[in-house]
Amino acid sequence: ATIDWIEKSDVAALREGVIREMELRLGDPAIKGQPIGYLHDEIAELTVAKSKLMAENDAAVEKAKAARDGATTVVARNQRLNDRKPGMVSQEDVAKAEGELKVAEAQVKESQGQLDVNKAELQLAEQVLREHTILAPFDGIVIKRMKEPGESVRANEAVVQIGNLSRLCANAYIPLEYSFRVKVGQVVELQPRLAGGMGDQPIERKTFRGKIVFVDPQIQPIAETAVRIRAEFENPEMELRPGLKAAMTIYLTDDAAPTAAATPTAPATRQASAR
């Protein structure tokens, strides 16, 4: 089997700009949701400040409401006068007052709508400001830096590459005759093998337990004698590295799998060795 990453990503800037600061260097741990670097955001900050003032300015709404209240009072007064004595207020004045009330009500809706638009513009401006901060998408370590402070970057252009060493996978090929017995969820154990090593290195004497997460439904087109599988396992001490080779033992039944501290010794009829 070959050890490989599960989580590895080229982390990109969401906005075009110039890098102001980089928080992490090669080998530094990255924490999900925490900053990796920052773009210059002075204009974005000013835009947020302007949008906030507009979103909080409800003077137009209050003015429109005052005009509506005044028009409502006039219409009500005309109604009372005409109820007391028909014709005290002319039909022309009644129609005019009612028209002014409708205009005032429309102005309230218009000003309130504009205030809602201003609040939405504030949210957009705040989002743009947030996008000037480059965040880690998952926990890991920085394994490559493509950009440095002062360099320009395009939107969606990679700035750093991070990988998560705490959980890795192992890809292997098993003989076709075993493939129908290997199932997702079965236990596997991995024993690292260093190239040219004699098996006497400390890492080669350790085993790592995981589970099968994928069995390729397609037979490999070359030679048609093997099936690709993948297992995932924890690497809490970060001892294993992507690219490392390992011997994988697959336990086809639960009772064949030894305890975590034991060395695999299950009967040959219950094991399948990956190659």
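The values are calculated or read from the model by the stated rules, or taken from the named source; none is laboratory data. Owing to the predicted nature of the structure, the values given are computational and were not obtained by experimental measurement. Note that we place each Cβ from the backbone using ideal geometry, even for glycine, and neighbour counts take in every protein chain shown. Remember, those area values only see protein heavy atoms, side chains included, never the ligands or the DNA or RNA. Shrake-Rupley method; radii C 1.70, N 1.55, O 1.52, S 1.80 Å.
If you scan the range 34-50, which residues turn out to be open to solvent by 20 Å² or more (accessible area, probe 1.4 Å) and within 15 Å of Val160 (Cα to Cα)?
Gln34, Pro35, Tyr38, listed by residue number.
Return yes or no: is Arg25 part of a helix (DSSP H, G or I) and out of contact with any His (no Cβ under 8 Å at 6 or more places or on another chain)? Spell out how you get there, then give the answer.
Working: part of a helix (DSSP H, G or I): no; out of contact with any His (no Cβ under 8 Å at 6 or more places or on another chain): yes.
No; evaluated as a whole, the condition is false for this residue.
Being over 30 Å from Ala106 (Cα atoms), within 24 Å of the chain's Cα centre (by Cα) and surrounded by fewer than 15 Cβ atoms within 10 Å (Cβ to Cβ): is that true of Arg25 here?
Details: over 30 Å from Ala106 (Cα atoms): yes; within 24 Å of the chain's Cα centre (by Cα): yes; surrounded by fewer than 15 Cβ atoms within 10 Å (Cβ to Cβ): yes.
Taking the combined requirement at face value, the residue satisfies it.
How about the range 206-227: which of its residues are open to solvent by 80 Å² or more (accessible area, probe 1.4 Å) and more than 12 Å from Glu189 (Cα to Cα)?
Those that are open to solvent by 80 Å² or more (accessible area, probe 1.4 Å) and more than 12 Å from Glu189 (Cα to Cα): Pro217, Gln218, Pro221, Ile222, Glu224.
Working only within the range 173-197, note down all residues that are under 14 Å from Ile229 (Cα atoms) and assigned to a loop (DSSP other than H, G, I, E, B).
The answer is Phe180, Arg181, Val182, Lys183, Val184, Gly185, Gln186.
Got at least one residue in the range 28-44 being touching a residue at least 40 places away in the same chain (Cβ under 8 Å) and in a helix (DSSP H, G or I)? Before you say what the answer is, go through the steps one by one.
Going residue by residue through the range 28-44, those that are touching a residue at least 40 places away in the same chain (Cβ under 8 Å) are 28-41, 44.
With the extra rule that they be in a helix (DSSP H, G or I), the set shrinks to 44.
Yes, that holds for at least one residue.
Filter the range 63-109 for residues that are under 30 Å from Leu122 (Cα atoms), of a type in the set (A, V, I, L, M) and buried (at least 16 other Cβ atoms within 10 Å of the Cβ) and give the result.
Residues satisfying the conditions are Ala64, Ala67, Ala104, Val108.
Which residue, of Ala60, Ala120, is part of a helix (DSSP H, G or I), open to solvent by less than 70 Å² (accessible area, probe 1.4 Å) and modelled with pLDDT of 95 or more?
Working: Ala60 fails: modelled with pLDDT of 95 or more.
Only one candidate qualifies: Ala120.
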